[in-house]
Amino acid sequence: MKARKVIVPVIILLAVGTAVGLWWRRQTAEFRYSGTIEATKVDVPSRLPSVITRMLVKEGDLVEKGQLLAELDCEDLRIQGTLLAHNYERGRKLAKIGSMPQDNFEQVKAKHDELQLKLSWCSITAPIKGRVLNRYHEEGEWVAPGAKLLTLADLDDVWAYVYVPQTLLAQLPLGLKVPGYLPELDMKQIDGSLIKINEEAEFTPKNVQTREERTRLVFGVKLRFPNEQGLLKPGMPIEVDLPDDGHE
């Protein structure tokens with residue numbers, strides 16, 4: 001019985017010691033500001049009214065600049081193109097032997113070139129290297145001019161906002177090098193730079209955990225990070241060290 005009585009207090013002491021240790025580590029841990037990786041987004045629209053015949057990429061795909069993303073039917077333009085190509089070849093031959101005024105031939109040529117440009121719009125290519133974030137239409141759907149087909153994220157232009165109190169602004173010059181840490185990659189360090197400080201204060205964004213913190217007035221600070229290896233993706237959390245403002 002005595003042994004059991006001794007063991008119980010020891011267990012209690014160990015539990016208390018562990019709890020105190022965890023509490024102390026939390027209190028003394030270095031404070032870091034947290035943000036979310038974002039990327040510049042580029043919408044890829046249809047320039048023509050037509051039916052989509054092929055969608056060649058899915059959400060999440062990595063695409064290269066100039067890669068074919070989608071194709072439109074453009075049947076009406078192709079019919080016109082056959083006729084205008086015939087008129088263009090005929091006009092070119094007649095103009096060469098002087099049987100067609102040059103002004104008339106130039107008009108035929110302008111219509112031919114304009115149609116060729118529109119036909120090139122039937123093949124939709126990636127304007128940048130990036131990742132497909134959104135795909136808005138499927139094969140067989142009709143789209144109007146200006147309708148968004150896809151949204152790409154420019155992975156060469158990634159950044160994050162963190163929100164800081166006014167007392168810290170004087171210690172944050174533009175161009176400041178800022179160490180960032182990626183929780184999803186075992187706190188891998190990746191250094192960025194401060195490129196912008198918002199001019200007006202705002203309430204802390206709603207994604208902050210506590211109501212008390214959301215009611216604080218803070219300034220948004222934009223940090224850009226290099227991404228040569230493509231490690232950073234939109235939505236990834238990142239933690240950053242900023243100069244100490246006495247935050248507790």
**OP:** Pairs only if they're at least six apart or on different chains, beta carbon under 6 angstrom, first in region 131-146 and within 22 Å of residue 231 (Cα to Cα), second assigned to a loop (DSSP other than H, G, I, E, B) and aliphatic (A, V, I, L, M); list them, first residue then second.
**Re:** 132/57
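Condition check ((1) modelled with pLDDT under 90; (2) over 18 Å from the mean Cα position of the chain (by Cα)) across all residues:
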{"site": "179", "(1), (2)": "no, yes"}
{"site": "187", "(1), (2)": "no, yes"}
{"site": "206", "(1), (2)": "yes, yes"}
{"site": "217", "(1), (2)": "yes, yes"}
{"site": "220", "(1), (2)": "no, yes"}
{"site": "228", "(1), (2)": "yes, no"}
{"site": "237", "(1), (2)": "no, no"}
Subject >> Residues satisfying the stated conditions in region 113-169, i.e. under 23 Å from the mean Cα position of the chain (by Cα) and charged (D, E, K, R) >> reply: 129, 131, 135, 138, 148, 154, 156, 157
Subject >> All positions within region 98-149 that are surrounded by fewer than 16 Cβ atoms within 10 Å (Cβ to Cβ) and among the aliphatic types (A, V, I, L, M) >> reply: 110, 117, 144
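Only one of these is in contact with a Lys or Arg (Cβ under 8 Å, 6 or more places away or on another chain), closer than 30 Å to residue 217 by Cβ and loosely packed, with under 15 Cβ neighbours inside 10 Å: 174, 182. Name it. Write out each step before concluding.
Values: 182 fails: loosely packed, with under 15 Cβ neighbours inside 10 Å.
Going through 174, 182 in turn, just one is in contact with a Lys or Arg (Cβ under 8 Å, 6 or more places away or on another chain), closer than 30 Å to residue 217 by Cβ and loosely packed, with under 15 Cβ neighbours inside 10 Å: 174.
Which fully enclosed strands (runs of 3 or more DSSP E) of region 83-194 have 2 or more residues being closer than 24 Å to residue 46 by Cβ?
Working: elements: 123-125, 130-135, 148-164, 177-182.
Per the criteria, 123-125, 130-135, 148-164.
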Original post:
Filtering region 58-76 down to residues that are among the small types (Gly, Ala, Ser) and surrounded by fewer than 15 Cβ atoms within 10 Å (Cβ to Cβ), which residue is modelled with the lowest pLDDT?
Top reply: 60
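The values are calculated or read from the model by the stated rules, or taken from the named source; none is laboratory data. It should be emphasised that the depicted structure is a prediction, and the values quoted were computed from it without experimental measurement. Here Cβ is always computed from backbone atoms with ideal geometry, including for glycine, and neighbour counts include all displayed protein chains.
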